[in-house]
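A.B. asks: If you scroll down you'll find the structure; I have some questions about it.
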Amino acid sequence: MTMQATTQNETPTATAAAAVSVRGVSMVYPGPVQALQDVDLEFQAGKLTTLLGPSGCGKTTLLKIIAGLIRPASGTVLVNSRPVDGPGPERAFVFQDFALLPWANVIRNVAFGLELRGVPTAEREAVAEQYIAEIGLVGFERKYPHELSIGMRQRVGLARALAVKADVLLLDEPFSAIDEQTRRKFQEDLLRLVAMERRTFVFVTHSIEEAVYLSDRIALLSPRPGRVWKIIEPRMSRTLSPDQIRREPGYLDTVEAIWQSLKDYVE
Amino acid sequence: MQILGYRIPNAVSLLLWATVWEIVGQARITILLPPLSSTLVRLLEIAPTETFMTALGITAQAYLLGVGISILIGVPLGIVMGRSALIDRLILPWVSLFVSAPLTALVPVIMVLFGFGETTIVLTVVLFAIWIIILDARAGSRGISQSLTEMARSYGATRWQAFTKIYLWAALPEILAGIRLGLVRAVKGVIIGQLLVSVIGFGYLFEIYSSNFLMEHMWALLLVLFFFAYLLDAGMGELERRIDYYSAARH
């Protein structure tokens, strides 16, 4: 395919491992508001890449374009070298407000993606059980979302995304509604998941610390019109304990550098 | 309610007004209002008769049919209207018009078209009940959060799956509220329809009782109707309370 050939010419190093490629994507909302302008970005397989930027920079828009929920004004998105035309089973979305079914218990919520695909009950509940265990919600299978804490609800949202066995997980500010203490625990669990699951994570956040702590790679977006402004790869040892990482010079320097570059945009 | 520190059960007010009815009735102020006690005695007397049971059967059948049609058409239509701007624009003006129109005036039109039979009664019930059911289902489906519809799409739900597994449930509190109002309006519909047609069901009985000044009979009939209407309303209220836990958690 010609598509593939061009890819290799453009970015010979990243191609082999790129699970998601964004090519010249622009987005204009009625207004007109130029939300994204000519965004080119590669997301490496098995890594966690963060879209970071001030509010209104179009990071959630970009994530939803990758998800196939929004059609870009121009440009294409390739997932596993195939152009995106709407949502697909190789991508799963984790929502900022969880988007759980309030009338369904935890196990049905986790298995819901599989239920929509017509997987038989016993089979899909077995898969759901596995991910409920993985995210630490054993014993809550028959509880309903309103009986869970906010943090637990997002764990359900995450388990649902994992259960459909998508290659690419798209997380839209998943921790923004969660209190600080729970969030830290959640971030540590997410790192463990990234290491264990070997899937591609695309993560949207406006928290610099969160981005640096979690990411293999950070795409810093500029404010409207959003475009890729800098690519940052935090260099710190993942073998350290979470508390050590948060005190490590590499971590602190990266946070500081990002803050310095963003400062001009924040009045 | 509390008076002087004592909790007063809700039934007390009912009892109080029943007593007032009895006293006014016993005082023989007007022939139009017989005492409650003799009305109740009359009720026990006419209830087992075949005329009454037949009338009740016909009324119940027309009512249930009309309500069933209203729900089966009204709920899906309302949900679709809430999700599709095009269909909404097409149908909403008519629904808004009919929900507040003096529908009684339309019953003679139905009579001309469908005759003096059960079809007319059923259609009258639908005419009275369906609009509010459509409107409330529409409101419910418009209120579904964007992330829930995006969740449906991103996890690959077909239109049918989105409708049956998500939209219907997400809009359920509003749908039930609409059905509850629809049920009460349907009681009006079935009685008004029968009164105007006046050859079948309770309408026929009302016609006989009132033209012969059988006030005890008439009040007995009204008691039965009020009782059923109240029962339906209370039943729906209970159903709504059961799904309360998630109607608050949706947004």
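Nothing in this text is a laboratory measurement; each read-out follows from the coordinates by a stated rule. Since the model is a prediction, treat every value here as computed from it, not as a measurement. Ideal geometry is used to build each Cβ from the backbone, glycine not excepted, and the neighbour counts take in all protein chains shown.
A.B. asks: Taking N as the number of residues in region B:60-249, what is its alpha-carbon radius of gyration divided by 2.2 N^0.38 Å? Show your work: numbers first, answer last.
C.D. replies: Working: Rg = 19.1 Å, N = 190, 2.2 N^0.38 = 16.2 Å.
Here the answer is 1.18, to two decimals.
A.B. asks: Relative to the Cα centre, what is the charge dipole magnitude of the protein assembly as shown, using +1 at the beta carbon of each Lys and Arg, -1 at the beta carbon of each Asp and Glu, and rounding to the nearest 20 debye?
C.D. replies: Numbers: 47 positive and 46 negative charges, 93 e Å.
Here the protein assembly as shown has a charge dipole of around 440 debye.
A.B. asks: For each of B:TRP219, A:TRP259, count neighbouring Cβ atoms within 10 Å of the residue's Cβ, then give the residues from fewest to most.
C.D. replies: Numbers: B:TRP219 23, A:TRP259 12.
Listed from fewest to most nearby Cβ atoms, that is A:TRP259, B:TRP219.
A.B. asks: Another question, if that's okay. Computed over the Cα atoms of region B:1-50, what is the convex hull's projected area averaged over all directions, in nm²?
C.D. replies: Value for region B:1-50: 5.1 nm².
A.B. asks: Got a sec? How would B:LEU36, B:LEU195 order by Cβ neighbour count within 10 Å, fewest to most?
C.D. replies: Placing the least packed residue first, the sequence is B:LEU195, B:LEU36.
A.B. asks: Now for a different question. Taking R0 as 41 Å, what FRET efficiency do you get between A:ALA126 and B:ASP233 from their Cβ-Cβ distance, rounded to the nearest 0.05? Walk me through the numbers before you get to the answer.
C.D. replies: Working: r = 45 Å, r/R0 = 1.09.
After rounding, the FRET efficiency stands at 0.35.
A.B. asks: Sticking with this structure for a sec: At q = 0.13, 0.16, 0.21, 0.30 Å⁻¹, what is the base-10 log of I(q)/I(0) for region B:180-232 according to the Debye formula with one equal point scatterer per Cα and no solvent? Please give it to two decimals.
C.D. replies: -0.31, -0.47, -0.76, -1.15
A.B. asks: Which of B:ILE79, B:HIS217, B:THR124 sits farthest toward the positive end of the charge dipole of chain B, with +1 on the Cβ of Lys and Arg and -1 on the Cβ of Asp and Glu?
C.D. replies: Positive-end residue among those listed: B:ILE79.
A.B. asks: Would you compute, from DSSP H runs of 4+ residues alone, the mean residue ellipticity of chain A at 222 nm, taking -39500 (n - 2.57) per run and dividing by the full residue count, rounded to the nearest 500?
C.D. replies: Working: 10 runs with 100 residues, N = 267.
Mean residue ellipticity at 222 nm (helix-derived): -11000 deg cm²/dmol.
A.B. asks: Once the principal axes of the Cα atoms of the protein assembly as shown are found, what is the range along each, listed largest first in whole angstroms?
C.D. replies: 98, 58, 51
A.B. asks: Right, another one. Take each complete run of DSSP H in chain A, measure how far its Cα atoms stretch along the helix's own axis, and keep only those covering 18 Å or more with mean Kyte-Doolittle hydropathy at least 0.0; list them. Don't jump to the answer; show the numbers that get you there.
C.D. replies: Working: long enough: A:121-134 (20 Å, -0.58); A:150-163 (20 Å, 0.41); A:180-197 (25 Å, -0.94); A:249-263 (20 Å, -0.13).
Within chain A the helices that satisfy the rule are A:150-163.
A.B. asks: If you build the Cα gyration tensor of region B:21-77 and take the root of 5 times each eigenvalue, what three semi-axes come out, in whole angstrom, biggest first?
C.D. replies: 36, 17, 7
A.B. asks: Right, next: For a Förster distance of 41 Å, can you work out the FRET efficiency between the beta-carbons of A:HIS146 and B:PHE213, rounded to the nearest 0.05?
C.D. replies: On the way: r = 58 Å, r/R0 = 1.41.
My answer for the efficiency is 0.10.
A.B. asks: In peptide B:153-166, what is the residue-averaged number of other protein chain Cβ atoms found within 10 Å of each Cβ?
C.D. replies: Numbers: counts 6, 18, 16, 9, 6, 1, 0, 0, 4, 1, 0, 0, 5, 6.
Averaged over the peptide's residues, the number is 5.
A.B. asks: Rounded, prolate or oblate: pick one for region B:30-139, where a ≥ b ≥ c are the square roots of the eigenvalues of its C-alpha gyration tensor, a/c under 1.5 means rounded, and failing that, prolate if a/b is larger than b/c, else oblate.
C.D. replies: Details: a/c = 2.45, a/b = 2.33, b/c = 1.05.
Prolate shape, in that a/c is at least 1.5 and a/b is the bigger ratio.
A.B. asks: How large is log10 I(q)/I(0) at q = 0.21 Å⁻¹ when the Debye formula is applied to the Cα atoms of region A:55-133, each weighted equally and without solvent?
C.D. replies: At q = 0.21 Å⁻¹ the computed log10 ratios are -1.01.
A.B. asks: Here's a follow-up. Taking 37 °C and 0.692 mPa s as the conditions, I'd like the Stokes-Einstein D for region A:147-232 in µm²/s, using the Kirkwood hydrodynamic radius from alpha carbon pairs.
C.D. replies: On the way: Rh = 13.9 Å.
D, rounded to a whole number, is 235 µm²/s.
A.B. asks: Using the count of nearby Cβ atoms within 10 Å as a rough guide to exposure, how do B:THR54, A:THR61, B:THR124 rank from fewest to most? Working shown, then result.
C.D. replies: On the way: B:THR54 14, A:THR61 22, B:THR124 29.
Ranking B:THR54, A:THR61, B:THR124 by Cβ neighbours within 10 Å, fewest first, gives B:THR54, A:THR61, B:THR124.
A.B. asks: Moving to a separate point now. Is it possible to state the helix-based mean residue ellipticity at 222 nm for chain B, with each DSSP H run of 4+ residues giving -39500 (n - 2.57), the sum divided by total residues, to the nearest 500 deg cm²/dmol? What is it? Provide the component values of the computation, followed by the final result.
C.D. replies: Details: 11 runs with 188 residues, N = 251.
The helix contribution divided over chain B gives -25000 deg cm²/dmol.
A.B. asks: About the Cα centre, and with charges only on the beta carbon of Lys, Arg (+1) and Asp, Glu (-1), how big is the dipole of chain A? Nearest 20 debye, please. Provide the component values of the computation, followed by the final result.
C.D. replies: Details: 31 positive and 32 negative charges, 67 e Å.
My answer is approximately 320 debye.
A.B. asks: Further, regarding this structure: Work the Kirkwood hydrodynamic radius out for region B:104-192: mean of 1/r over every pair of different alpha-carbon atoms, inverted, in Å.
C.D. replies: Details: mean 1/r = 0.0676 Å⁻¹.
It is 14.8 Å.
A.B. asks: Angle, helix B:50-83 long axis vs. longest principal axis of chain B, Cα atoms, 0 to 90°, nearest 10?
C.D. replies: On a 0 to 90 degree scale, this one is about 20.
A.B. asks: Give me the inter-chain shielding for B:139-152: mean count of other chain Cβ atoms within 10 Å, whole number please. The partial results should precede the final answer.
C.D. replies: Numbers: counts 0, 0, 0, 0, 0, 0, 3, 4, 9, 7, 2, 9, 13, 5.
That average works out to 4.
A.B. asks: Assigning unit charges at the beta carbon (Lys, Arg +1; Asp, Glu -1) and nothing else, what dipole magnitude in debye, to the nearest 20, does region B:60-249 show about its Cα centre?
C.D. replies: Working: 12 positive and 11 negative charges, 137 e Å.
The calculation lands at about 660 debye.
A.B. asks: Taking the convex hull of the Cα atoms, report for region A:15-156 its projected area averaged over all directions, in nm².
C.D. replies: Working: hull surface 41.4 nm².
That works out to 10.3 nm², a quarter of the Cα hull's surface.
A.B. asks: A further question follows. Using θ = phi - 60° and the Karplus form 6.51 cos²θ - 1.76 cosθ + 1.60, what ³J(HN,Hα) does each residue of region B:116-128 get, whole Hz, x for Gly and Pro?
C.D. replies: 9, x, 5, 3, 4, 5, 4, 5, 5, 4, 4, 4, 7
A.B. asks: Picking from B:THR49, A:THR205, B:GLY203, whose Cα lies most toward the positive end of the charge dipole for the protein assembly as shown (charges on Cβ: Lys, Arg +1; Asp, Glu -1)?
C.D. replies: Farthest towards the positive end: A:THR205.
A.B. asks: Principal axis extents for chain A, Cα atoms only, whole Å, descending order, please.
C.D. replies: 47, 46, 39
A.B. asks: Positive end of the dipole of chain A, charges at C-beta (+1 Lys, Arg; -1 Asp, Glu), about the Cα centre: which of A:MET27, A:PRO225, A:LEU48 has its Cα farthest in that direction?
C.D. replies: A:MET27
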